[in-house]
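Here's the structure we're looking at; comments come further down.
Each value in this text was obtained by applying a stated rule to the coordinates, not by laboratory testing. As the structure is a computational prediction, the values presented were derived from the model and not from experiment. Because the Cβ atoms are built from the backbone with ideal geometry, glycine has one as well, and the counts that use them run over all protein chains shown.
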Ligand SMILES: [Zn+2]
């Protein structure tokens with residue numbers, strides 16, 4: 001791996017001939033998506049101050065709208081719901097159900113509520129499974145504890161969760177069944193969804209609550225990329241106005257779908273990138289270069305294993321002629337957002353490049 005170096009210079013200044021290779025993305029095809037409307041039955045989830053608006057109803061309604069959007073745009077994808085009515089489903093069963101069905105993605109839908117009645121918190125936040133408490137500075141564990149708390153009402157929970165105490169964050173650690181590659185994909189799905197949600201009706205533009213990591217039981221049992229979204233705050237009157245209307249819920253679902261679609265386009269074999277025709281002149285698009293290599297890297301190499309959809313651009317005449325890229329975006333801004341995500345994660349030296357008709361072009 002010593003020949004593998006991140007390239008820090010804008011390489012089109014020294015790259016004379018370009019050819020896009022691996023244009024037809026070969027990432028995994030997404031066949032099944034599990035949508036998980038949080039709570040249900042005897043567990044209403046968060047409640048509005050007058051207790052009339054219930055989280056469980058909002059979650060179900062938004063999940064159904066999201067399922068409709070996915071069916072409309074990707075008729076080949078099977079959408080499975082952990083519940084379609086007002087019934088209780090144990091937290092572990094939701095993730096286990098998705099794993100048993102060999103689902104490819106899992107999206108759990110929730111609504112937030114602030115602990116303090118005086119809180120002015122608004123807007124969406126997205127969670128992935130993780131246990132890194134050192135990076136947590138706020139009350140985020142409240143969200144984790146609140147969403148996990150329902151297990152106390154599940155039958156036989158003490159035996160089932162073996163010593164797990166929903167009030168003790170330390171005990172989450174044992175639930176970390178997820179593999180690194182799945183967690184990375186979850187972060188990218190989560191980041192796409194958060195970016196899209198914060199531009200939606202539940203505005204998080206002024207102060208993005210961001211994507212966070214926490215020990216959610218519902219995510220711990222998922223063996224596929226999985227995220228949990230908190231759409232907005234039920235105790236914020238601004239958020240409640242949107243969460244309580246059908247139009248608002250539909251708009252939120254559309255934004256969730258856009259985040260999902262972004263993930264599909266970047267990662268999935270059945271995303272739009274996969275069907276682009278190389279012979280038709282294409283508009284300029286933006287990609288993220290993650291590294292360059294003197295030799296072609298086998299897809300099974302550890303550095304690429306989690307990114308089977310990575311393509312490369314061949315710059316002949318250069319020593320590090322294989323420029324590996326991820327993503328394919330219409331705007332430089334979107335590519336930059338994705339790039340920042342990759343920089344925070346596995347590729348700290350990633351940067352954005354512009355591509356047109358298989359050639360590198362200036363921005
Ligand atoms: Zn919830």
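So here's what we get for this one:
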| quantity | calculated |
| --- | --- |
| Spin-label pair residue 284/residue 199, simplified geometry with 7 Å Cα→Cβ offset, distance in nm | 1.8 |
| Simple label model, 7 Å out from Cα along Cβ direction - residue 156 to residue 42, nm | 1.6 |
| P(r) of the stretch 32-267 over all Cα-Cα pairs, binned every 5 Å from zero, in whole percent | 1, 7, 15, 21, 22, 18, 11, 4, 1, 0 |
| Cα convex hull of the stretch 312-363 - mean projected area over all directions, nm² | 4.0 |
